[in-house]
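Asks: Take a look at this one; I'll ask things after.
Please treat every number below as a calculation from the coordinates, not as lab data. As the structure is a computational prediction, the values presented were derived from the model and not from experiment. Don't worry about glycine lacking a Cβ; one is built from the backbone with ideal geometry, like all the others, and counts go over all protein chains shown.
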Amino acid sequence: MLGSSWSDSLATIALFKQMVCGHLQTGTRLAEQTWNFPDRFDSPGIDQLQRRQTEEIYSLLDKLVIFQTTKQDSSGLRPAQVSSVDPSCPLWSGLRSKMSLVDSVLDEQGATMKQGVDTTKMFVDNDHVKNYAKYRTRYSEDVFKYIVDYCKETRPDLDLCVDVGCGSGQSTTGFAKYFKKVVGVDISEAQISQAPKDIPNVEFKVAPAEQLPFLESNSVDLWTCAQAFNYMPEKETFAEADRVLKPGGTMVILGYLTLSGQEELINTELYKIIAKILPYWPKETKSIFNKFKDVTLPYPGWTRNDTLVNPHRMSLEELVGVFSSFYSVLAYQQDHPEEHFLEQIETSLRDAHRQVFGQQEEIVFDLTWETFLLIGRKPLQ
Ligand SMILES: C[S@@+](CC[C@H](N)C(=O)[O-])C[C@H]1O[C@@H](n2cnc3c(N)ncnc32)[C@H](O)[C@@H]1O
């Protein structure tokens, strides 16, 4: 696709940019294109302008990541699938590591993330944890099944599962039907106070993931951490997980990121809300925004799966409720009490829905969380 000269390369970039912008504005498809950028953009000889151009493309690509789960068509292609860029291309991987999704969105607003937040105290406000328990996204059965099937390959007994950073049990309870016993662990007493108490084989404990003295060494078949690993000290958390896991036991780090549906207008509204609250996420918890790409499980042969999805049909109230469960929304509200932010969110989503579907008695959104996991197992010996 590219010629050998710099001007050819820059012309390709310009064309690519045009197409990406075109997609963002019109929703036209990009998926069948293969773009091969030259690796020499990364060479030490490149000048400021060339570097800026590549970074610009990269930030555009990151915007596409936000939209990539929209409009999956019958051929299974998504219109702006970023994998249409050859992932083995050194420039692509070079650029990816330079600027993340979160950086490009922040960059756009000239904002930075909050710093110095105590990540162990983010989920302690009573109203917040109630909203969390009521509205926060659960995981699809496919996700639980995928993890349990992997675990069964080496530990078919399925005696014990521990879910650290369990919140009020959003992931914990989903494992209950597969395991003889499930223990949910969270550092926040407030979160645990909202967890269900009526599932006979599920128990909840207030504790940090780094210290699980109530679990014997080599006793756990599955150690999971859903949407929470970015709050934990990596080394100590892994060390404790390794202590409690049986040989052949499974370790899973699970997460979800972009929420989108089939309608660009609604996606754009969701994107605007996320962009607004992004600076209120503590920088310390940032690793989730690149889907834990910088995290390495401590076991050989571990793998990641970025193709899982978690579809949800939500009423307007439920969708606004999901936002009310975000720490960043709480922090935004604390900084802007005059704005009535949740009401603003409700109004903007209602308007977007009306623009797409017209006046409806029931406002329902069909949305999907892009879901990902890292999975591996403790060696058998
Ligand atoms: C975003 S919530 C995830 C909750 C739940 N797993 C889910 O999927 O919705 C993150 C949780 O991690 C907990 N947490 C933060 N640091 C922790 C630590 N060091 N050990 C255990 N839990 C921790 C927080 O209290 C919070 O409930």
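Asks: Tell me, what ³J(HN,Hα) does each residue in region 308-320 have, in order and in whole Hz, if you take phi through Karplus 6.51 cos²θ - 1.76 cosθ + 1.60 with θ = phi - 60° and put x for Gly and Pro?
Replies: 6, 10, 9, x, 9, 9, 10, 6, 4, 4, 5, 5, 5
Asks: Still on this model: Using the Cα atoms of region 195-289, I'd like the radius of gyration and the largest Cα-Cα distance, Dmax, both in angstrom.
Replies: Over region 195-289's Cα set, Rg and Dmax evaluate to 17.6, 51 Å.
Asks: Measure off 7 Å from each Cα along the Cα-to-Cβ vector at K197 and D157, then give the distance between these two points in nanometres to one decimal.
Replies: Once both label points are built, they end up 3.2 nm from each other.
Asks: Going by C-beta contacts inside 10 Å, put V148, V185 in order with the fewest on the left.
Replies: The order, fewest Cβ neighbours first, is V148, V185.
Asks: Students often get this wrong, so check it: of K130/K177; K134/K235; K291/K378; K235/K272, which have C-alpha atoms separated by over 27 Å?
Replies: K134/K235; K235/K272
Asks: Next question. Take each of the peptides 336-344, 175-183, average the number of other beta-carbon atoms within 10 Å over its residues, and list them starting from the highest.
Replies: Final packing ranking: 175-183, 336-344.
Asks: Then there's this: Report, by chain and number, residues whose modeled amide H sits under 5 Å from the one on G184, excluding near sequence neighbours (fewer than 5 apart, same chain).
Replies: Here the answer is D163, E203, F204, K205, since their amide H atoms fall under 5 Å of that of G184.
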